Each structure stands twice: as structure tokens, then as C-alpha cells.
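Here is the structure we will look at, set down as C-alpha cells.
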Amino acid sequence: MKILLASDIHGQNRVVRFLRNVAEKYLFDSIIISGDLAGWKDPESIFGVFGELAKFNGKVICVPGNSDYLNFLDISRDYSNMVMLHGESFKMENIIFSGVGGMQEGTDHGSFLSLPESELYSMSMKAFQREDGKFNITISHVPPYKIQDYTRYMNHAGSRGILRFIKEAQPDVHVCGHIHENPGISKVGDTTVINPGNLKINDRIFYITVREKIEAGYVKYGDYEKLNEI
């Protein structure tokens, strides 16, 4: 299985079309979007985003971000290929996906969906399921503390609750977002943590492949044709 990764779309239909075109051209089976699907203070933009993503033949698995609203969970159910997770899990083939949305309380960052650190941890743990023969991909909007969370203001904006969850659960891969300017791939123990950053046209394209083993990587602008080879 080939999974395309994105985050922080912020209601930009042009970006959603680019994402869908990449997924279709390079034969991705699924897309993960780790939150902030809607524009800031623009909840109606979710209909354009979901409508565009509904044209993709594969599953789109996502969590709500801090610019999203909890009622998006209900709206997502009207689109057959959308799976929005918030303290829940979803199984597909040999993968168990689980996720929690929002961001941690106690910051000066604006948010329509904030949770205490303890709740980010407990919801992630409750949703997490391990089964023999299945890989685990977990998703949060906010990154784990000090992992792909360094901002342009030169501070760490990640979640201690998500970091605790990853250290204890050790999923195979954890996908996050929120911090636009710190995309990349890191390790927390045996877990690969990926922040695809704010998806912009001509950015790096991050992906996961799941076959006999699970692997993650990215291609740079100008090298997109390498996606045919993964």
C-alpha cells in the first residue's frame, strides 16, 4: 500500500486538487491528512475540501486540527471515502490507524479544538490497538514535544501528552502536523515520526509504503517522478 501524507490544508481547494492529482497520478492507495483541513474561522470551507477529496478513489484518513470543529466528524460521514478519527481506530488491510485531533491547552495559539495534555494522551492510548500481523499508524494534529515541532519563533510547540503516548505505545509510524515550518522525519524509540508540514504546491511530498515492512520517505520538487518507483 502507498499512502500519501499531508497536513494543514487550511481550506485551500487549489492545494487539495494538487494533493488529489498527485495521489491519482502516482497511484497512491490512500491519503492521510493530519488536521487543519478548514480555513481559519471559515468552517464552511470544509465542504469544498471534503467535496474535492471525495473525487479520490481511495480512503482519506484524517484527524481534526485546531482550526477545525468537532462537528466535522459528523459531516465527514456523508462522504464514503472519508475517515475522520478523534479517539478512534480504523482497520484497513494489514494496518490499524488511530488518531486524536486538536492541540494542547495552555498555549497562546488560537484554537477551536484544544484538549488537556492528559486527554491527548489518554484518548490516544484508548484508540490504539495492537494486533499480530498488523502495522500501526497513529495520527495527531500536534506533534510530540521537541520532535518536528520547532517554530519560526525559535520555540518548541509540541505536545508532551503525544510524546508520552508515542514512547509508551511505540506505533510503527506516527503522522502529525500543525508546525508548518518544521517538516521532516524523526525517530522516537522505534517509532518513525513524520510531520509533512504545510502542504504547498512544489513542496516535498511525504509518503508511507506498507508491504512486508513499513517505511517512510519523501521526494523533493523536481523529483516527483520517483514516486512511480516506491
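One line per residue, one yes/no per condition, for (1) crowded, with 20+ Cβ neighbours inside 10 Å; (2) farther than 23 Å from D29 by Cα; (3) in contact with a helix residue (DSSP H, G or I) (Cβ under 7 Å, 6 or more places away or on another chain):
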{"site": "S98", "(1), (2), (3)": "yes, no, yes"}
{"site": "G102", "(1), (2), (3)": "yes, yes, no"}
{"site": "G106", "(1), (2), (3)": "no, yes, no"}
{"site": "E119", "(1), (2), (3)": "no, yes, no"}
{"site": "N136", "(1), (2), (3)": "yes, no, no"}
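Quick grid of which residues meet (1) in a loop (DSSP other than H, G, I, E, B); (2) among the small types (G, A, S); (3) in contact with a Phe, Trp or Tyr (Cβ under 9 Å, 6 or more places away or on another chain); (4) closer than 23 Å to K41 by Cβ:
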position	(1), (2), (3), (4)
Y69	yes, no, yes, yes
I75	no, no, yes, yes
S89	no, yes, yes, no
S111	yes, yes, no, yes
E119	no, no, no, no
Name the one entry in I166, I96 that is β-branched (V, I, T) and assigned to a strand (DSSP E or B). I96
Could you check D8 against (1) surrounded by fewer than 15 Cβ atoms within 10 Å (Cβ to Cβ); (2) touching a residue at least 60 places away in the same chain (Cβ under 8 Å) and say which number it fails? (1)
Testing P143 on (1) farther than 23 Å from H10 by Cα; (2) of a type outside the set (A, V, I, L, M); (3) open to solvent by less than 20 Å² (accessible area, probe 1.4 Å), one condition comes back false. Which one is that? (1)
Within region 175-194, the residues that are open to solvent by less than 30 Å² (accessible area, probe 1.4 Å) and among the hydrophobic types (A, V, I, L, M, F, W, C) are V175, C176, I179, V188, V193, I194
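The values are calculated or read from the model by the stated rules, or taken from the named source; none is laboratory data. No experiment lies behind these values; they were computed from the predicted model shown. Here the Cβ is made from the backbone with ideal geometry for all residues, glycine too, and neighbour counts use every protein chain on show. The area values use the complete protein model at the heavy-atom level, side chains included, leaving out ligands, DNA and RNA. Shrake-Rupley method; radii C 1.70, N 1.55, O 1.52, S 1.80 Å.
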